[in-house]
1. Would you order R119, R97 from fewest to most other beta-carbon atoms within 10 Å of each residue's own beta-carbon?
2. Restricting things to Cα coordinates, could you compute the convex hull volume per residue of region 67-147 in Å³?
3. If you build the convex hull over the alpha carbons only and average its shadow over all orientations, what do you get for region 157-283? Give it in nm² to one decimal.
4. So which of K40/K236; K139/K187; K235/K268; K187/K260; K59/K120 end up more than 23 Å apart by C-alpha?
5. Using R₀ = 25 Å, calculate the FRET efficiency as 1/(1 + (r/R₀)^6) where r is the Cβ-Cβ separation of T194 and A273; round to 0.05.
6. What distance in nm separates the simple spin-label points at L181 and D85, each placed 7 Å from Cα in the Cβ direction?
7. Let me know the Rg and Dmax you get for the chain when you use only its Cα atoms, in Å.
8. What nm distance separates the two modelled labels at N116 and D62, each placed 7 Å from Cα along Cα→Cβ?
Amino acid sequence: MTAALAVSTAACGGSSDTSNQPSVNTDVTFESGTTMATLKSAGKVKIGTKFDQPLFGLKGLDGKPTGFDVEVAKLIAAKLGLAADKIEWVEAPSKVREEVIEQGKVDFVVATYTINDKRKERISFAGPYYEAGQDLMVKSDDSAITGPEALKAANAKVCSVTGSTPAEKIKEYADPANIVLFDVYSKCADALRTGQVQAVTTDNVILLGLVDGSKGDFKLVGKPFTKEPYGIGIKKGDTKFCEFINKTLTDAVADGSYDKAWKDTAGKVSPEAPKLPALGTCS
């Protein structure tokens, strides 16, 4: 894969530019019987992603998904020898991700997919390629809230969603009387905009989408205080495909295409590209 791998310029909801895609490894050959050989021979690949996750996987105006997850998926496809127009995108919301892998409805899933032991009982993971975490969103001119430890000192009200893991976790950092709960995060964003709360908390990828839609009113604090490693879901036990994907991720860091995938998508809101997490063992 060449150093100058170009990716889609559409970060969130825009059209995909088919002339601006990863360089395809057209001369690649694979061991017979492997998933890689099967997909290369078929000349197409089905990839599961989210269609409703701004900056990571959001269906664009042209009907194609855009975002960091999508660009990572394209890098893998390109290393298989498949151009972006050979990808069939399949919506893979959280509740059906294992199911679509097990049933063969997709060849792999890149969809803000946290690696955990329960999911490993049904499928295998390559990666992780990104580590998400709970963070805070504040107004752009707020210099007092620099992390969760600053909430009590600032006597800040913080908003989250009823019944969520972030709503429980924030109790370690904020006074209970200052925790405001709604049913959806959009109401938290409205409360932040009107000054009813001083911070909103959930996973940083959700907050990045809210920041992106705020027209400059909000910013991400950028001090995550939990760890959510995002992996690439594949059929259980497909060790060779896992190893192929992990090498693709490592190569993408080395040639700069991983950083470019971030900068052209989520990096438009959070400019500093993340470091590739330590890759797990394929099994």
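1. Numbers: R119 17, R97 22.
Neighbour counts put them in this order, fewest first: R119, R97.
2. Details: hull volume 11.7 nm³, N = 81.
Taking only Cα atoms, region 67-147 has a hull volume of 145 Å³ per residue.
3. On the way: hull surface 37.9 nm².
For region 157-283, averaging the hull's shadow over all directions gives 9.5 nm².
4. K235/K268; K187/K260; K59/K120, as the Cα separations exceed 23 Å there.
5. On the way: r = 33 Å, r/R0 = 1.33.
Calculated transfer efficiency: 0.15.
6. 5.1 nm
7. 19.4, 62
8. With each label point 7 Å from Cα toward Cβ, the separation is 3.6 nm.
Rule-based calculations on the coordinates, nothing more; no lab input. Here the structure is a predicted model, which means the values were calculated and not measured. Backbone-built Cβ (ideal geometry, glycine too); neighbour counts: all protein chains shown.
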